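Reviewing the structure listed below.
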Amino acid sequence: MKKTKWTIIAILAVLVLNACNQKSSELKQDVIGEKVESLLAKMTLEEKVGQMVQYNGFYDATGPVPTGGDAKKKYEDLRLGKVGSFLNVRGVEQVLALQKIAVEETRLGIPLIFGLDVIHGHKTLSPIPLAEAASWDLQAIEQSARTAAIEASAVGINWTFAPMVDIYRDARWGRVMEGAGEDPYLGAKVGVARVRGFQGDDLSANNTIAACAKHFAGYGFSEAGREYNTVDIGTSTLYNIVFPPFKALVEADVKTVMNAFNIVNGVPATGNSFLQRDILKGEWGFKGFVVSDWASGAEMVTHGYARDLKEAAQFAANAGSDMDMESDAFVSHLVELVKEGKVAESVVDEAASRILRVKYELGLFDDPYRYCDEIREKDLLYNEAHQKAALDMARKSIVLLKNENNLLPLQKNRQKIAVIGALANDKTSPLGSWRIGSDDSTAVSVLEGLMIHSSGFAYAKGADVVTGPVSFVQELNINTTDRCGFNEAINLAKRSEVVLMVLGEHGFHSGEARSRTQIDLPGLQQELLEAVYKVNPNIVLVLMNGRPLALPWAAANIPAIVEAWQLGTQSGNAIADVLFGEYNPSGKLPMSFPRSVGQCPIYYNHFSTGRPTNAEENVFWSHYTDEENSPLFPFGFGLSYSEFDYSDLTIDDSDPKNVKLTVTVANVGGIDGEEVVQLYLHDRAASVVRPVKELKGFEKISLKANESKTVSFVLTENELGFYNGEGEFLVEPGEFDVLIGTSSQEGLAGSFVLK
Ligand code: BGC
């Protein structure tokens, strides 16, 4: 009784506190609203348009550099109040120099907002985002973004172009490394965790930064996985697959959204009023501002949508693209367009207000130099707490794909181990792509990680993966000819008990503009793998890659496979911890791994088709003649050194608004471990066909050896409903199948009826 009373008091206190917090944040918003309005009233049209202009800085480029965008003009425009933001300027000294001009030399002294692609850390790098998503650990992911925000804010940055919440299904696309994989439910959860990490509880603190949900919308559906390619998807996919993570991020108060390079229904996203005005700002009530993607305004001309740059500026502004990144469209034409009546001044007012609001929220008007603290810059980069967080995240991101005869974990100091592969000795590649602020050669290599843990290694490179210089902006040269290290590697393998082969992609083999038509091991690595296998099949294959790879031979022949992605600064330590059993792997794939590139796009939440099976034993069913339909490794899959047993699935469908499910999970593997319990749903018949299964819940639990836990899920209308092609959200009664288990393909099945 007493306990109940205290519980009620505690709940009331939380409610009151929440109400107060909400009130105070509403109040703050009102105050900011008034400030924005009064500032706007003082601004000339030119100054308002100026807020809508973002220039690239003077050194790094993350896209094609426009002609005429020279430094002299940028400085002049800045002094005239014609620039609202810079990207790719970093470091206290550099940021301070520009901010001082904006604050001290322009008529109104409006501070700049500084954006950068802080995608998986700034100096201390976490795993690439796809790898982080494989952890399914929302707390760790939030912490990783927090670390990134702390380091980025220490070098003057107050805005990151992350998280990318595009959903995609095609491993040929290089940017799969930058998001959370193929599933909108997981994608939304991971995206929200990242926004929380970046933005924190108080955006005006000097260690939090504004986040950006990108790329709105549909960019992940580039045809055939080719970068910047055409997107052509139906509205049901748009509403059910593409939109949900963006909507979730708007609900989580993400401050900015970036539009996209692609077309949607024939209209470039940057000029797409349906996306930006109707859905984002209209239906979802997004209060922040929209930034274009790099030159995506100008590219509307190349798309064949706008006749010239001026028309591109007109279309972008009218469609709700508030800030123009590196197109020169707004700065060159928007004032004139307003004077000609082609863009209403209210459109400019709205865009400028949205941008100013975020600047106020960041506290830039209180202290424009709050992110420019040299002491923070000196103390915070690469600091110890950040290394610890990066190691934690890296270990959690590793996925154990195969472990025949318990070859893993390895025994410390007791086995003669050969380490083979150029990537094992690489301190740059494991940092991955999209790491503009980081320094080369700062990753702990696999060899270094192993050496800290154990002795008894010998190393042979075998073959280089790439030759010549590597960079974010240039094509890689893959080694397809130089086999001069093969013999040494083969001889070493012969003399060893276990062979650790570290193979995969270079860190710059994925990321923007890194589409591939082959998604096997690049260069000579497959040949090397098979040559070593001939002399010693006792191989642990450690994969480093930024996308799912199609490795049917390895999956069939190699006894142990560890998916180690590109894990950032702490790569080697994390991998060694898993190989020696100091960390029990717990990751699960956030994207299906195909058997062959010909299966792409491949994803678990596909539709049934009318002929999903070969009941008649003839050819007339949906299949390939030369390959299975199923993936090599499915979504949600990942092994552990423990074993988990699922039992006692219960379903209570008495309340259609709260369908309750429970399952018991036991660790029967004799060693402590973690498991991601996943819930999938299938609506058997609906007015718009539903996928064969969809993730609708998950929980990561840790279980001591021999421990068991009951995990509960509640399905509400949010999980039970879906969007039709008109964007209406429907919850329809009928029969549902449920799968609760260890992956999208394995678990306990049940069903219920929604009344
Ligand atoms: C990318 C964006 C990125 C921007 C700025 C573009 O090429 O598509 O995701 O934020 O460049 O670097």
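The values are calculated or read from the model by the stated rules, or taken from the named source; none is laboratory data. All of these numbers come straight from a predicted model, not from anything done at the bench. Note: ideal-geometry Cβ built from the backbone for every residue, glycine included; neighbour counts use all protein chains shown. In case anyone asks, the SASA skips ligands and DNA or RNA and just uses the protein heavy atoms, side chains included. Shrake-Rupley method; radii C 1.70, N 1.55, O 1.52, S 1.80 Å.
Looking across the range 194-207 at every residue that is buried (at least 22 other Cβ atoms within 10 Å of the Cβ) and in contact with a Ser or Thr (Cβ under 9 Å, 6 or more places away or on another chain), the one that is farthest from residue 296 (Cα to Cα) is identified as 197. Looking across the range 466-481, the residues that are in a loop (DSSP other than H, G, I, E, B) and touching a strand residue (DSSP E or B) at 6+ places or on another chain (Cβ under 7 Å) come down to 468, 476, 479. For residue 270, the conditions (1) open to solvent by 10 Å² or more (accessible area, probe 1.4 Å); (2) within 16 Å of the ligand (Cβ to nearest atom) all hold with the exception of (1). Among the residues of the range 273-324, those that are acidic (Asp, Glu) and within 14 Å of the ligand (Cβ to nearest atom) comprise 293, 299, 324.
Any residue at all in the range 325-337 that is under 26 Å from residue 253 (Cβ atoms), outside any helix (DSSP H, G or I) and within 15 Å of the ligand (Cβ to nearest atom)? Checked the range 325-337: at least one residue is under 26 Å from residue 253 (Cβ atoms), outside any helix (DSSP H, G or I) and within 15 Å of the ligand (Cβ to nearest atom). Look at residue 352 and say whether it is within 16 Å of the ligand (Cβ to nearest atom) and either within 28 Å of residue 28 (Cβ to Cβ) or in a helix (DSSP H, G or I) (or both). For residue 352, the condition - within 16 Å of the ligand (Cβ to nearest atom) and either within 28 Å of residue 28 (Cβ to Cβ) or in a helix (DSSP H, G or I) (or both) - is not met.
Determine whether residue 310 is farther than 29 Å from residue 133 by Cβ and of a type in the set (Lys, Arg). Taking the combined requirement at face value, the residue satisfies it. Being in contact with a strand residue (DSSP E or B) (Cβ under 7 Å, 6 or more places away or on another chain) and crowded, with 24+ Cβ neighbours inside 10 Å is a condition met by no residue of the range 223-234. Just so you know, in the range 489-515 the residues that are closer than 11 Å to residue 528 by Cα and in a helix (DSSP H, G or I) include one that is farthest from the chain's Cα centre (by Cα), and it is 490. If you go through the range 97-128 and pick out every residue that is crowded, with 17+ Cβ neighbours inside 10 Å, part of a helix (DSSP H, G or I) and of a type in the set (A, V, I, L, M, F, W, C), you end up with 3.
For the range 83-125, the set of residues classified as away from the ligand (no atom under 16 Å from the Cβ) and closer than 24 Å to residue 166 by Cα consists of 125 only. In the set 612, 585, only one residue is touching a helix residue (DSSP H, G or I) at 6+ places or on another chain (Cβ under 8 Å) and either in a loop (DSSP other than H, G, I, E, B) or among the aromatic types (Phe, Trp, Tyr) (or both); that residue is 585.
Let's see how each residue does on (1) β-branched (Val, Ile, Thr); (2) touching a residue at least 24 places away in the same chain (Cβ under 8 Å):
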residue: 651; (1), (2): yes, yes
residue: 654; (1), (2): no, no
residue: 668; (1), (2): yes, yes
residue: 673; (1), (2): no, yes
residue: 680; (1), (2): no, yes
residue: 683; (1), (2): no, yes
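Being in a loop (DSSP other than H, G, I, E, B) and either of a type in the set (A, V, I, L, M) or open to solvent by 10 Å² or more (accessible area, probe 1.4 Å) (or both) is the filter here, so list the residues in the range 78-90 that pass it. Selection gives 80, 81, 82, 83, 89, 90. Filtering the range 87-108 to residues that are without any contact (Cβ under 8 Å) to a residue 60 or more places away in the chain and touching a helix residue (DSSP H, G or I) at 6+ places or on another chain (Cβ under 6 Å) leaves 101, 105.
Which is on the phi > 0 side of the Ramachandran plot, open to solvent by 20 Å² or more (accessible area, probe 1.4 Å) and more than 26 Å from the chain's Cα centre (by Cα), of 285, 304? Residue meeting the stated conditions: 304. Residue 320 meets each of the listed conditions (1) surrounded by 24 or more Cβ atoms within 10 Å (Cβ to Cβ); (2) under 24 Å from the mean Cα position of the chain (by Cα) apart from (2). The set of residues in the range 128-148 that are within 16 Å of the ligand (Cβ to nearest atom) and closer than 13 Å to residue 198 by Cβ comprises 129, 145, 148. What about residue 380, is it closer than 21 Å to residue 149 by Cβ, touching a residue at least 24 places away in the same chain (Cβ under 8 Å) and out of contact with any Cys (no Cβ under 9 Å at 6 or more places or on another chain)? In short, yes. Just one residue in the set 28, 48, 23 is modelled with pLDDT of 95 or more, within 19 Å of residue 361 (Cα to Cα), away from the ligand (no atom under 16 Å from the Cβ) and in a helix (DSSP H, G or I); that residue is 48. Among the residues making up the range 329-375, those that are in contact with a Phe, Trp or Tyr (Cβ under 9 Å, 6 or more places away or on another chain) and among the charged types (D, E, K, R) are 354, 357, 359, 366. For the range 639-659, the tally of residues that are touching a Lys or Arg at 6+ places or on another chain (Cβ under 7 Å) and open to solvent by 60 Å² or more (accessible area, probe 1.4 Å) stands at 1. Listed conditions (1) of a type in the set (Asp, Glu); (2) within 24 Å of the chain's Cα centre (by Cα); (3) buried (at least 19 other Cβ atoms within 10 Å of the Cβ) are all met by residue 699, apart from (3). In summary, residue 187 fulfils each of the numbered conditions (1) assigned to a loop (DSSP other than H, G, I, E, B); (2) away from the ligand (no atom under 12 Å from the Cβ); (3) over 20 Å from residue 87 (Cα atoms) with the single exception of condition (1). Taking each residue of the range 496-517 that is within 15 Å of residue 473 (Cβ to Cβ) and looking for partners that are of a type in the set (D, E, K, R) and open to solvent by less than 10 Å² (accessible area, probe 1.4 Å) with beta-carbon atoms closer than 8 Å, six or more apart or interchain, yields 510/175; 510/547; 511/175; 511/178; 512/175; 512/178; 514/175.
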